[in-house]
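The structure appears below as structure tokens.
The values are calculated or read from the model by the stated rules, or taken from the named source; none is laboratory data. As the structure is a prediction and not an experimental result, all values here were calculated from the model. Please note: Cβ atoms are built from the backbone with ideal geometry, for glycine as well, and neighbour counts cover all protein chains shown.
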């Protein structure tokens, strides 16, 4: 037993010697057992790099690319505003907020419905694609609120709310188009906002797809399953 305690103290002394006391100072580099990706092979902004022939670490964008959130206007503003396809919220109109003043609007904005090049079957398909990527995991593929997350007890173990049911037969679940747009952009309750992930046009595409789901359920005389 004596040797056990001596060995224990000896090992403790080695550990203290190797790592030092908390708050001690040293000019030597720290001993890193778990570096946690502190050291990465990367080029920092505005730094030089011998890897490239011009010696600059920063590279020009590939020719023809457009940064996310920016798009060259198709026509001058004097000919009428046409919201960019990849734009994010940057205005106060119904198109950008889903509201008329302090009230939610119903119906898609004129910027969508007034342009046949935008409002077509491809627009609904885009909404379906974006819905399946961002919304279906909680609200379900059909909008019944029975997405993948609803199958895990953690949603109810701490009194978490179940994902919203978008069934048109549920009158309490009805929201105006502008209200759905606002929830997508800014979130509601336990749902975080997707305004930084989904462009303005895609938010309206999701709204249009949700209405298509609801209309299909009404036409079939069934509820969303």
Scope the range 132-151; condition part of a helix (DSSP H, G or I) and either without any contact (Cβ under 8 Å) to a residue 40 or more places away in the chain or crowded, with 19+ Cβ neighbours inside 10 Å (or both); matching residues: 132, 133, 136, 137, 139, 148, 149, 150, 151
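Counting just the residues of the range 186-198 that are in contact with a helix residue (DSSP H, G or I) (Cβ under 6 Å, 6 or more places away or on another chain) and surrounded by 16 or more Cβ atoms within 10 Å (Cβ to Cβ), which one comes out farthest from residue 90 (Cα to Cα)?
Filtering the range 186-198 for residues that are in contact with a helix residue (DSSP H, G or I) (Cβ under 6 Å, 6 or more places away or on another chain) and surrounded by 16 or more Cβ atoms within 10 Å (Cβ to Cβ), the one farthest from residue 90 (Cα to Cα) comes out as 194.
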Looking at the range 94-133, which of its residues are touching a strand residue (DSSP E or B) at 6+ places or on another chain (Cβ under 9 Å) and more than 14 Å from residue 184 (Cβ to Cβ)? 94, 105
Here are some residues: 57, 80, 23. Which one is modelled with pLDDT under 75 and farther than 30 Å from residue 204 by Cβ? 23
